[in-house]
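What follows draws every value from the coordinates through simple rules; no lab data is involved. None of these values were measured; they are calculated from a predicted model. Backbone-built Cβ (ideal geometry, glycine too); neighbour counts: all protein chains shown.
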Amino acid sequence: MRLALISDIHEDLPRLQKVLKRIDQKGYDKLICLGDISGFSENYYRYPKTRNAPACLELVRKKCSIIVPGNHDLHAAGKSPKQSADKENKYWKHEEDLYPGYGQEELTFLSGLPEFHILNTPGGQMLLTHYVKPNLSGFIKGFYTRAKEFGSHFQLMQENNCTLGFTGHVHVRGFHMVVPSAFRQYRYRSLRVKELPSIIGIPPVTRHKFRSGFCIFDTDSRLLQVNKLY
């Protein structure tokens, strides 16, 4: 089975269209979106004239058979975590996000998305999330860069008989691969996944800092292809 994976679109419609065209050219059996279709801030992104959250969501819903939400999607849908005064700096507040322009049906759809998805493939079960436990949807500030910080996520994978996990959220330049004993970061390239269990963090679709890319993963050969969109 050939899986195509995308994440972190951030309302960048032209870049999403280009990525989907490249994915169609390469061929796939299932297309998966790991969240943050929404979330545009003028302090981070430089495409205010072409941002279009509703059009991005429409394309993702049309093309993707699996969608999990990111923190910006859930924030748009009104599902941000409740914050007490002593923990207000722990979570992203999303105060810089511009209004995405969703209608009620779109907000209801985003609100109802599952926090994670378990995909059964010929090569074993996979855990699909926006980020990693205890921060599955990415609301908590900060990113993990040491293998031991992924322990809770490996435990969640074990509980659900998953040998592979795919995540987004970090806007990594290339991708990272985590095994219980090591955190490794790679630029855009092909790599055969030999160690299990593994967690793979994929690049964003958004053109933010020229990191735009997507992944193709063959579940039979375990060949991972991480492609950069120039």
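With viscosity 1.306 mPa s and temperature 10 °C, the Kirkwood radius over alpha carbon pairs of the chain converts through Stokes-Einstein to a diffusion coefficient of 90 µm²/s. For the residue pairs Lys63/Lys90; Lys18/Lys90; Lys26/Lys209; Lys93/Lys209; Lys62/Lys133; Lys21/Lys93, alpha carbon separations beyond 31 Å are given by Lys63/Lys90; Lys18/Lys90; Lys21/Lys93. Counted over all Cα-Cα pairs of the stretch 113-177, pairs farther apart than 20 Å make up 24 percent. Look at the dipole of the stretch 1-100 built from charges on Cβ: of Gln17, Ser7, Asn71, the Cα furthest out on the positive end belongs to Gln17. Put simply, when 20-31, 106-117 are sorted by average Cβ atoms within 10 angstrom per residue, most first, you get 106-117, 20-31. In loop segments of the stretch 161-230 as defined by DSSP, the trypsin sites (Lys or Arg not before Pro) with at most 10 further C-beta atoms inside 10 Å of their C-beta are Lys194. Radius of gyration (Cα atoms) of the stretch 27-67, expressed as a multiple of 2.2 N^0.38 Å: 1.35.
Counted residue by residue at 0.36 nm each, then reduced by the alpha carbon distance between them, the extension gain from Asn43 to His94 reaches 17.2 nm.
Using the rule -39500 (n - 2.57) for each DSSP H run of four or more residues, divided by the residues of the chain, the 222 nm mean residue ellipticity is -6000 deg cm²/dmol.
Across the stretch 2-228, C-alpha contacts under 8 Å between residues 6 or more apart give a mean separation that, scaled by the residue count, equals a relative contact order of 23 percent.
Which trypsin sites (Lys or Arg not before Pro) from the stretch 128-161 combine a DSSP loop assignment with at most 14 other Cβ atoms within 10 Å? For trypsin sites (Lys or Arg not before Pro) across the stretch 128-161 that sit outside H, G, I, E and B with at most 14 neighbouring Cβ atoms in 10 Å, the list reads Lys141, Arg146.
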